[in-house]
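**Q** Pasting a structure here, questions to come.
The values are calculated or read from the model by the stated rules, or taken from the named source; none is laboratory data. Keep in mind the model is a prediction, meaning the values are calculated, not measured. Cβ placement follows ideal geometry from the backbone for every residue including glycine, while neighbour counts extend to all protein chains displayed. Accessible surface areas use protein heavy atoms only, side chains included; no ligands, DNA or RNA. Shrake-Rupley method; radii C 1.70, N 1.55, O 1.52, S 1.80 Å.
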Amino acid sequence: MKTKLALAAILLAATALPALADEGVVTIYSADGLHDGDPSWLGNQFDAFTKATGIKIQYVEAGSSGVVDRLAKEKSNTQADVLVTLPPFMQKAAADGLLAAYTPAGADKIEARDKDADGRYYAMVNNYPNFIYNAEMLKQAPATYEDLLDPKFKQKIQYSTPGQAGDGTALMLQAFHAFGSKEKGLDFLKKLQVNNLGPSASTGKLTALVNKGELYVANGDMQMNMAQSADNPNIRIFFPTGPDGKKTAFALPYYIALVNGGPDTENGKKLIDFLLSEAAQKEVSSVAQGFPVRTDVKPDDDNFKKLNAMLEGVEIWSPDWAKVLDSLKDDVAAYNQAISSN
């Protein structure tokens, strides 16, 4: 599997430009996950895009918050054309004026719930947060959230940091939901801190640690963990039950957006159109191991069936991302206060 890149740009497509091609380079800042696996979905699509258009791609990868933070710092000298990240960080980018409204080709095939009403971002790959465990070290997955507090997990659990990583923020929101309130969710996370190895800005790097048995349990998301599973055969996905006895999760899509004032906006639009095209979306489940967003794409591959089987018995709920964003700063501050008070 490709080594993670922490905000280091690499040229992914270096094929010769065909005659009459639209020359240029499009730069994409992306949260990690969709370039995992060999082959990877983004890798395949970038190669196909360059072959079809002659446009090269410069790819920059970091955590969900990291790519937005970098975009904000570069606002006076914008370097990216396209942004891919998770909620609520895409909503933050929109609120901060970092995104341009654009209606991609095929936008009418994307449900209203999966796109911004003002046209600033669109779901590209649907996904769900989860936990993973090492199946060699543990006979079975922890059944409940309370099971994660068992002393046998001391320093053997790690999760990405809320406010920095999309999956870490998702874990905090999931705790609020599973325990019925922010107060009770924070109380659980305070107790969990005893077993937590420490902060992590990236979710993706935790998978290898679980696979090696350095960790027994970590957080993650279905698409990324499924894509990583070939290189990490000891990991398994699970959803613990809350105090009400229910397994719950929520949609955590990879959104795509056109950056406001990017250096090559027109090529950025072409890349967005390409990644949301029917052809690209048909490979979301079979290659990326995620869920396509187009209503006219109906996968029947084995990966799609496996993903749906994993969600059987899991109740899906929907966060109000506007409210999440409004309270995110205070919630992260309350989380940091809770875990530091042990």
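Yes/no per residue for (1) surrounded by fewer than 20 Cβ atoms within 10 Å (Cβ to Cβ); (2) under 20 Å from residue 167 (Cα atoms); (3) under 19 Å from the mean Cα position of the chain (by Cα):
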residue: 273; (1), (2), (3): yes, no, no
residue: 286; (1), (2), (3): yes, no, yes
residue: 309; (1), (2), (3): yes, no, no
residue: 327; (1), (2), (3): yes, yes, no
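**Q** If you check residue 32 against the conditions, is it open to solvent by less than 50 Å² (accessible area, probe 1.4 Å) and in contact with a Pro (Cβ under 7 Å, 6 or more places away or on another chain)?
**A** When the stated conditions are applied, residue 32 does not pass them.
**Q** Would you mention how many residues in segment 60-90 are open to solvent by less than 20 Å² (accessible area, probe 1.4 Å) and under 21 Å from residue 102 (Cα atoms)?
**A** 14
**Q** Being among the aliphatic types (A, V, I, L, M) and part of a loop (DSSP other than H, G, I, E, B) is the filter here; which residues of segment 184-203 pass it?
**A** Correct list: 194, 197, 201.
**Q** Step by step: first the residues of segment 194-203, then only those that are surrounded by fewer than 16 Cβ atoms within 10 Å (Cβ to Cβ) and farther than 25 Å from residue 35 by Cβ, then the one that is modelled with the lowest pLDDT. Which residue is that?
**A** 198
**Q** Looking at segment 143-158, can you tell me whether even one residue there is at pLDDT below 95 and either assigned to a strand (DSSP E or B) or farther than 16 Å from residue 254 by Cβ (or both)?
**A** Of all residues in segment 143-158, those at pLDDT below 95 come to none.
No, because not a single residue in segment 143-158 is at pLDDT below 95 and either assigned to a strand (DSSP E or B) or farther than 16 Å from residue 254 by Cβ (or both).
**Q** Now a separate question. Take residue 172 and decide whether it is out of contact with any strand residue (DSSP E or B) (no Cβ under 9 Å at 6 or more places or on another chain), within 25 Å of residue 330 (Cβ to Cβ), among the aliphatic types (A, V, I, L, M) and open to solvent by less than 20 Å² (accessible area, probe 1.4 Å).
**A** When the stated conditions are applied, residue 172 passes them.
**Q** Within segment 118-139, how many residues are open to solvent by 20 Å² or more (accessible area, probe 1.4 Å), more than 20 Å from residue 249 (Cα to Cα) and either part of a strand (DSSP E or B) or at pLDDT 95 or above (or both)?
**A** 6
**Q** Another question, if that's okay. What residue, of 101, 143, 165, is surrounded by 15 or more Cβ atoms within 10 Å (Cβ to Cβ), touching a residue at least 12 places away in the same chain (Cβ under 8 Å) and not charged (D, E, K, R)?
**A** Testing whether each residue is surrounded by 15 or more Cβ atoms within 10 Å (Cβ to Cβ), touching a residue at least 12 places away in the same chain (Cβ under 8 Å) and not charged (D, E, K, R) leaves just 165.
**Q** Within segment 1-51, restricting attention to residues that are acidic (Asp, Glu) and part of a loop (DSSP other than H, G, I, E, B), which residue is modelled with the lowest pLDDT? Quick ask: steps written out before the conclusion?
**A** Looking only at segment 1-51, we keep the residues that are acidic (Asp, Glu), and these are 22-23, 32, 36, 38, 47.
Adding the requirement that they be part of a loop (DSSP other than H, G, I, E, B) leaves 22-23, 32, 36, 38.
Numbers: 22: 40, 23: 53, 32: 86, 36: 81, 38: 80.
Per the criteria, the residue is 22.
**Q** Does residue 108 fit the bill of being assigned to a loop (DSSP other than H, G, I, E, B) and open to solvent by 60 Å² or more (accessible area, probe 1.4 Å)?
**A** no
**Q** Can you find, within segment 255-271, the residue that is farthest from residue 123 (Cα to Cα) among those that are open to solvent by less than 20 Å² (accessible area, probe 1.4 Å) and touching a helix residue (DSSP H, G or I) at 6+ places or on another chain (Cβ under 7 Å)?
**A** 262
**Q** Given (1) in contact with a helix residue (DSSP H, G or I) (Cβ under 8 Å, 6 or more places away or on another chain); (2) surrounded by fewer than 24 Cβ atoms within 10 Å (Cβ to Cβ); (3) in contact (Cβ under 8 Å) with a residue 40 or more places away in the chain, where does residue 96 come up short, assuming only one miss?
**A** For residue 96, the failing item is (3).
**Q** Here's another thing I want to ask about it. When the residues of segment 220-235 are filtered to those that are more than 23 Å from residue 64 (Cα to Cα) and in contact (Cβ under 8 Å) with a residue 60 or more places away in the chain, which remaining residue is surrounded by the fewest Cβ atoms within 10 Å (Cβ to Cβ)?
**A** 230
**Q** May I pose another question? Yes or no: segment 204-219 includes at least one residue that is in contact with a Phe, Trp or Tyr (Cβ under 9 Å, 6 or more places away or on another chain), open to solvent by 10 Å² or more (accessible area, probe 1.4 Å) and assigned to a loop (DSSP other than H, G, I, E, B).
**A** Among the residues of segment 204-219, at least one is in contact with a Phe, Trp or Tyr (Cβ under 9 Å, 6 or more places away or on another chain), open to solvent by 10 Å² or more (accessible area, probe 1.4 Å) and assigned to a loop (DSSP other than H, G, I, E, B), which makes the answer yes.
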